[in-house]
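Peer 1: Before we start, here is the structure in question, set down as structure tokens.
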Amino acid sequence: MSGKPKLYYFDGRGKMESIRWLLSAAGIEFEEEFLTTREQYEKLLQDGSLLFQQVPMVEMDGMKMVQTRAILSYIAAKHNLYGKDLKERVLIDMYVEGTDDLMAFIIKFPFLSAEDKEKELANIIEKATGRYFPVYEKVLKGHGQNFLVGNRLSWADVHLLEAILMVEEKKSDVLSAFPRLQAFKANISSIPAIKKFLEPGSQRKPVPDDKYVETVRKVLRMY
Amino acid sequence: MSGKPKLHYINGRGRMETIRWLLAAAGVEFEEVYVETRDDLLRLQNSGVLMFQQVPMVEMDGMKLVQSRAICNYISAKHNLYGKDLKERVLYCINATSALKDHGKDFLVGNQLSRADVQLLEIILMAEEVKPDILAKFPVLQSFKARTSNIPTIKKFLQPGSPRKPPFDEKELPKVLKIFY
């Protein structure tokens, strides 16, 4: 037993990607077990390892944790990425919920039909530029600091960077009207642990492809 | 200004109900401002008080809180409904008979009321509204329900005249659609 957290998920982004980002930002090395067959998934179910029969699941600190947000909260709190008090924490929670809502559209995207994808792409860009990015631009402009909350790195910053990069993959100039977010992106990306995660060879997963979609559908019997 | 939290939402359960439950369980009195028309919603949006242009929004402690999960986290932590340490806290999402049985205790997490218990009771009651005998095969949950319903603050919330909202009435649907769409 290595003592490192062990992540159980598909070999792709999905709901586990935010957890990979946060562990990496905290400088925590982790192992991964990739689900590629239905049998692997059924074994996890039979072992009773999945509290609600779902992945992500992360084995960490003697626990088999499930529910993405619970896992992320735990990691954030454990590694001082959750603010210094309750007021900072509620700001982080609000910001993270916003980026989570935005990323939820993108997580679903690969599973849509070609026709729905076109409509949804427009919706994602509209939500990003009309509802979510303006909020974070305003927060950064308001206090003039490099981080969203408390003048130091928190879960909210890591999550926002992840969201920005995901939307940029869909429209590369999406930050053109958001100068603060452009600076934010450059600043946070240059933090050593995050810079390392952004380099080739890290455990960051690529944009989901058809093979990923097929694997998820097969393992979860999702047709 | 009363100092009480002020809840902005439609006059119905939706995403605000869990927040009402938690405040009630914590013994915190609150006021409600109902969004009844599209104009009400637009006014809120235009005044800049809704971070992501959405309700629920709760004014409390000098903040305008949005995102139901963030609001629930804040209330739970502030009022000690969160488990005493990190390991207990990660369990707060748990919602299963096996958790109670293995635990052998009266509460889902630790040995005191937490938001997990409050939310589980809320869900049980909502499920029973749809299917009254849904707990027939779950004796542990039945006694959980009875015990938790008897906690004074919760018992009060379950009585008529409390801020608890009734199940959604389909006749209200056109009105709600007009507000949000």
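The values are calculated or read from the model by the stated rules, or taken from the named source; none is laboratory data. These numbers were taken from a predicted model, which means no experiment stands behind them. Methodologically, a virtual Cβ is constructed for each residue, glycine included, from the backbone with ideal geometry; neighbour enumeration extends over all protein chains shown. We work out accessible area using only protein heavy atoms, side chains counted, and drop any ligands, DNA or RNA first. Shrake-Rupley method; radii C 1.70, N 1.55, O 1.52, S 1.80 Å.
Peer 1: Consider only pairs whose beta carbons are under 7 Å apart and that are at least six residues apart or on different chains; among these, list those whose first residue lies in the stretch A:75-104 and is over 15 Å from A:Val139 (Cβ atoms) and within 8 Å of another protein chain (Cβ to nearest Cβ) and whose second residue is among the hydroxyl-bearing types (Ser, Thr, Tyr) and not in a helix (DSSP H, G or I).
Peer 2: A:Arg89/A:Tyr82
Peer 1: Then there is this: Return only the number of the condition from (1) away from every other protein chain (no Cβ under 13 Å); (2) surrounded by fewer than 15 Cβ atoms within 10 Å (Cβ to Cβ); (3) not hydroxyl-bearing (Ser, Thr, Tyr) that A:Glu120 does not satisfy.
Peer 2: A:Glu120 satisfies all of (1) away from every other protein chain (no Cβ under 13 Å); (2) surrounded by fewer than 15 Cβ atoms within 10 Å (Cβ to Cβ); (3) not hydroxyl-bearing (Ser, Thr, Tyr) except (2).
Peer 1: Scan (1) more than 14 Å from every other protein chain (Cβ to nearest Cβ); (2) open to solvent by 20 Å² or more (accessible area, probe 1.4 Å) for the single condition A:Phe52 breaks and write down its number.
Peer 2: In the conditions (1) more than 14 Å from every other protein chain (Cβ to nearest Cβ); (2) open to solvent by 20 Å² or more (accessible area, probe 1.4 Å), A:Phe52 misses (1) alone.
Peer 1: Also, I was wondering about something else. Can you work out which of the residues in the stretch A:135-146 that are touching a residue at least 12 places away in the same chain (Cβ under 8 Å) and of a type outside the set (Ser, Thr, Tyr) is most open to solvent (accessible area, probe 1.4 Å)?
Peer 2: It comes out as A:Lys141.
Peer 1: Suppose we filter A:Val149, A:Val167, A:Val135 for residues that are within 19 Å of A:Phe197 (Cβ to Cβ) and either out of contact with any Cys (no Cβ under 8 Å at 6 or more places or on another chain) or aromatic (Phe, Trp, Tyr) (or both); which single one remains?
Peer 2: A:Val167
Peer 1: Considering only helices (runs of 4 or more DSSP H) fully contained in the stretch B:1-79, which possess at least 2 residues that are within 11 Å of chain A (Cβ to nearest Cβ)?
Peer 2: Filter on the stretch B:1-79 gives B:68-78.
Peer 1: Further, regarding this structure: Which of the residues spanning the stretch A:88-115 are surrounded by fewer than 16 Cβ atoms within 10 Å (Cβ to Cβ) and in contact with a helix residue (DSSP H, G or I) (Cβ under 9 Å, 6 or more places away or on another chain)?
Peer 2: Once the filter is applied, which keeps residues that are surrounded by fewer than 16 Cβ atoms within 10 Å (Cβ to Cβ) and in contact with a helix residue (DSSP H, G or I) (Cβ under 9 Å, 6 or more places away or on another chain), the stretch A:88-115 yields A:Lys108, A:Phe111, A:Leu112.
Peer 1: For the stretch B:144-181, enumerate the residues that are among the polar types (S, T, N, Q) and open to solvent by less than 50 Å² (accessible area, probe 1.4 Å).
Peer 2: B:Thr148, B:Ser149, B:Thr153, B:Ser162
Peer 1: Sticking with this structure for a sec: Regarding A:Met65, is this residue part of a helix (DSSP H, G or I) and either more than 22 Å from A:Ala193 (Cα to Cα) or not assigned by the TED database to the domain that holds A:Val213 (or both)?
Peer 2: no
Peer 1: Consider the stretch A:19-33. How many of its residues are out of contact with any Leu (no Cβ under 9 Å at 6 or more places or on another chain) and either within 14 Å of chain B (Cβ to nearest Cβ) or closer than 12 Å to A:Leu7 by Cα (or both)?
Peer 2: So the count comes out to 0.
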